Amino acid sequence: MHFQSLNLLALAISSVSATLSPNLPGMNLVWQETFVGEQGDMVDLTQWTVVTDLHNNQELETYTQSDSNMQLSGGQTLQLVPQQAETGEWTSSRIESIQSWTPAPGKTMQVQAALRGGSSPLDTKQGMWPAFWMLGDSMRHGTPWPLCGELDIFEQINGQLTGYGTAHCDHTGGGACNEPSGLGQSIPIPQDDDFHTWALKINRSSNNWQTETIEWYLDGVLFHTLVGAQFGDEGLWATLAHSPMYIILNLAVGGTWPGDPNEATLPGWGNMFEVQYVAVYSS
Ligand SMILES: *[C@@H]1O[C@H](CO)[C@@H](O)[C@H](O)[C@H]1NC(C)=O
């Protein structure tokens, strides 16, 4: 009964309005995903790959295609939901865009999403690690990480009200991106249940790689900038700012950065990672 009324509510919301990506002044929409569908539906498999056979960063979760781990909400959002079996094993989900997008010479490319977490209290979120990020398409063709380039637009650990934006590149054990840390900055996340906009801008309008920039924004507020010149090498900068990249949304559980969940960590919707839209723009 309770579930039925939730269903009806979700349907009512989705029939009223589609949450489209916003119009940005001076930018053209290149691609968007607005997660249209009914509650429990799978993401659009012409646009996304659901990744299941992956273990990174000593994460505990197994990624599945189950609708208990990932579903369209019916209210024009995607929900990635952690679950825990009675044996203690965690499951979750991860999707990767099939397409990649390349910042064009002389243009600015912006990749943006509206994101929020579930409403469980902070002390139930140990081990949760949602992320909205991109990897260089060269990774799909044999180039090793981190030389393929990685741009983390949003990461959060353990429900803390801090968002991180980071670039990874070059080689492990130092290099131009100071691996394994990467080149990152953080920003406080407002304490509310609203969606927030996380964006990455790759600005090539200067037509000079040394003055090109990569910028990170939360709700339009700039919080991290990288400039070509600081890499000292055009080829390396190109792996981040001139090369095709694909988009990833995932909810990891445990692993080297957040540490493992504890006995208070809750599975289910209270700890979901919810995505309202994802969009790519170009000037
Ligand atoms: C790109 O950077 C230039 C400065 O080099 C600036 O004037 C322009 O507004 C930026 N474009 C966008 C879309 O932010």
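The values are calculated or read from the model by the stated rules, or taken from the named source; none is laboratory data. Not measured: the values here are computed from a predicted model. Quick reminder, even Gly has a Cβ in these numbers, built from the backbone with ideal geometry, and neighbours come from all protein chains shown. Accessible surface is based on the protein model in full, side chains and every heavy atom, while ligands, DNA and RNA are left aside. Shrake-Rupley method; radii C 1.70, N 1.55, O 1.52, S 1.80 Å.
For Thr19, indicate whether it is more than 16 Å from the ligand (Cβ to nearest atom) and either open to solvent by 70 Å² or more (accessible area, probe 1.4 Å) or in a loop (DSSP other than H, G, I, E, B) (or both). Steps first, please.
Values: more than 16 Å from the ligand (Cβ to nearest atom): yes; either open to solvent by 70 Å² or more (accessible area, probe 1.4 Å) or in a loop (DSSP other than H, G, I, E, B) (or both): yes.
Yes.
Taking the residues in segment 176-218 that are part of a loop (DSSP other than H, G, I, E, B) and within 11 Å of the ligand (Cβ to nearest atom) as candidates, determine which candidate is most open to solvent (accessible area, probe 1.4 Å). Outline the logic, then answer.
Let us first name the residues in segment 176-218 that are part of a loop (DSSP other than H, G, I, E, B), namely 176-178, 180-182, 189-195, 204-208, 212.
Then drop every residue that is not within 11 Å of the ligand (Cβ to nearest atom), which leaves 204-208, 212.
Details: Arg204: 26, Ser205: 67, Ser206: 54, Asn207: 117, Asn208: 63, Glu212: 7 Å².
Selected residue: Asn207.
Consider His171 against the criteria (1) more than 21 Å from Gly270 (Cα to Cα); (2) open to solvent by 70 Å² or more (accessible area, probe 1.4 Å); (3) without any contact (Cβ under 8 Å) to a residue 12 or more places away in the chain: it satisfies all of them except one. Which criterion is unmet?
The one condition His171 does not meet is (3).
Name the one entry in Met128, Met139 that is away from the ligand (no atom under 16 Å from the Cβ) and open to solvent by less than 20 Å² (accessible area, probe 1.4 Å). Please lay out each step first, then the result.
Working: Met139 fails: open to solvent by less than 20 Å² (accessible area, probe 1.4 Å).
One residue alone meets the criteria, Met128.
So, of the residues in segment 78-122 that are within 16 Å of the ligand (Cβ to nearest atom) and in a strand (DSSP E or B), which turns out to be farthest from the chain's Cα centre (by Cα)?
In the first step, residues of segment 78-122 are kept if they are within 16 Å of the ligand (Cβ to nearest atom); the result is 101, 103-112.
Subset that is in a strand (DSSP E or B): 101, 108-112.
Numbers: Trp101: 15, Thr108: 20, Met109: 16, Gln110: 14, Val111: 10, Gln112: 9 Å.
My answer is Thr108.
Within segment 241-270, how many residues turn out to be in contact (Cβ under 8 Å) with a residue 12 or more places away in the chain and either of a type in the set (D, E, K, R) or within 16 Å of the ligand (Cβ to nearest atom) (or both)?
Let us first name the residues in segment 241-270 that are in contact (Cβ under 8 Å) with a residue 12 or more places away in the chain, namely 241-262, 264-270.
Among the residues that remain, those that are also either of a type in the set (D, E, K, R) or within 16 Å of the ligand (Cβ to nearest atom) (or both) are: 241-242, 260.
Number satisfying all stated conditions: 3.
Go through Asp67, Asp44, Asp53 for me and flag whichever is assigned to a loop (DSSP other than H, G, I, E, B), farther than 15 Å from Val275 by Cβ and modelled with pLDDT of 95 or more. I'd like the intermediate steps shown before the answer.
Numbers: Asp44 fails: farther than 15 Å from Val275 by Cβ; Asp53 fails: modelled with pLDDT of 95 or more.
Of Asp67, Asp44, Asp53, the one residue that is assigned to a loop (DSSP other than H, G, I, E, B), farther than 15 Å from Val275 by Cβ and modelled with pLDDT of 95 or more is Asp67.
Of everything in segment 271-283 that's under 26 Å from Thr77 (Cα atoms) and open to solvent by 20 Å² or more (accessible area, probe 1.4 Å), which residue is farthest from the ligand (Cβ to nearest atom)? Steps first, answer last, please.
Restricting attention to segment 271-283, the residues satisfying the condition of being under 26 Å from Thr77 (Cα atoms) are 271-282.
Imposing the further condition that a residue be open to solvent by 20 Å² or more (accessible area, probe 1.4 Å) reduces the set to 272, 276, 282.
Details: Met272: 32, Gln276: 22, Ser282: 9 Å.
Within segment 271-283, the match that is farthest from the ligand (Cβ to nearest atom) is Met272.
Output the number of residues of segment 239-264 satisfying the condition of being touching a Gly at 6+ places or on another chain (Cβ under 9 Å) and more than 30 Å from Ser68 (Cα to Cα). Talk me through it step by step, then tell me what you get.
Within segment 239-264, the first condition is being touching a Gly at 6+ places or on another chain (Cβ under 9 Å), and the residues that meet it are 239-241, 243-246, 252-255, 258-262.
If we keep only those that are more than 30 Å from Ser68 (Cα to Cα) as well, we get 239-241, 243-244.
Final tally of qualifying residues: 5.
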